[in-house]
Amino acid sequence: MHNTFLTKEGHEKLQQELEFLRKDRRKEVAARLREASDGEDLVENAEYEAAKNEQAFVEGRIKELEILLATAKIISEKSSNSGLIQLGSKVTIQDEGYDEKESFYIVGAVEANPSEGKISNESPLGRALLGHIKNDVVAVEAPDGEFKVKILKVS
């Protein structure tokens, strides 16, 4: 098993989701199953089949979250003052040839959400930035081809 890298906030969100699924969602699905099975032929009961599918999804998600949390390694937002980009770093970059600056928080794959400015350490950009420092120009191998970015700030 490999480690799952999570921020403290991400770990807490997954813990809350797991607790909700175990305590509330399981009960809701069980009640739905009981209702769907009352007095009807279960072979042709679409509601019962849908509830069984939902139960399988909930149980699968619970198992997935248990594994993620069991292998989780908490990363700090700023675990080093060296200026070296690592998991937990906030990085401001500028694509070569463009004026626009972008800031990203480098997180583990589970928490990645580019629309929130969180990129995975396993993404092409995240992987390319790791280990670099401010003012480095980094080549990024992306599916559409290589591009270069300059690192403007690391925190």
Requested in this report: Give Lys73/Lys118; Lys73/Lys150; Lys73/Lys148 a once-over and call out the pairs whose C-alpha atoms are over 27 Å from each other.
Outcome: Lys73/Lys150; Lys73/Lys148
Query raised in the report: Could you give the distance between the Cα centres of segment 126-155 and segment 16-35, to the whole Å?
Result: 44
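Of all the accessible heavy-atom surface of the chain, with the other protein chains kept in place and a 1.4 Å probe, what percent is carbon and sulfur?
48
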Query raised in the report: What's the long-distance tail for the chain, i.e. % of Cα pairs beyond 18 Å?
Result: 66
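Phe57 to Ser37: FRET efficiency via 1/(1 + (r/R0)^6), r the Cβ-Cβ distance, R0 25 Å, to the nearest 0.05?
About 0.85, to the nearest 0.05.
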Query raised in the report: How much accessible surface does Val107 have with a 1.4 Å probe, in Å² rounded to 10?
Result: 0
Requested in this report: Would you compute, from DSSP H runs of 4+ residues alone, the mean residue ellipticity of the chain at 222 nm, taking -39500 (n - 2.57) per run and dividing by the full residue count, rounded to the nearest 500?
Outcome: -11500 deg cm²/dmol
**Report entry** For the chain, accessible area per residue (1.4 Å probe, heavy atoms of protein chains only), Å²
**Finding:** 64
Report summary line: FRET efficiency for Lys101 and Asp24 from the Cβ-Cβ distance with R0 = 25 Å, rounded to 0.05, comes out at 0.05
Report summary line: To the nearest 0.05, the calculated FRET efficiency linking Lys13 and Thr92 through their beta-carbon distance, R0 being 22 Å, is 0.30
Requested in this report: Show the residues, 5+ positions off or on another chain, whose built amide H is closer than 5 Å to the amide H of Phe5.
Outcome: Lys73, Ala109, Val110
Query - Positive minus negative residues near Ala72 (Lys, Arg vs Asp, Glu; Cβ under 14 Å) - result: -3
Report summary line: For the chain, the longest principal axis of the Cα atoms and the Cα long axis of helix 26-37 enclose an angle in degrees, to the nearest 10, of 40
Query - In degrees, nearest ten, helix 46-70 long axis to first principal axis of the chain (Cα) - result: 40
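The values are calculated or read from the model by the stated rules, or taken from the named source; none is laboratory data. Note that the coordinates shown come from a computational prediction; the quantities given were computed from them, not determined experimentally. Glycine also receives a Cβ, built like all others from the backbone with ideal geometry; neighbour counts cover every protein chain displayed. What goes into the accessible areas is simple: the full protein's heavy atoms, side chains included, and nothing from ligands, DNA or RNA. Shrake-Rupley method; radii C 1.70, N 1.55, O 1.52, S 1.80 Å.
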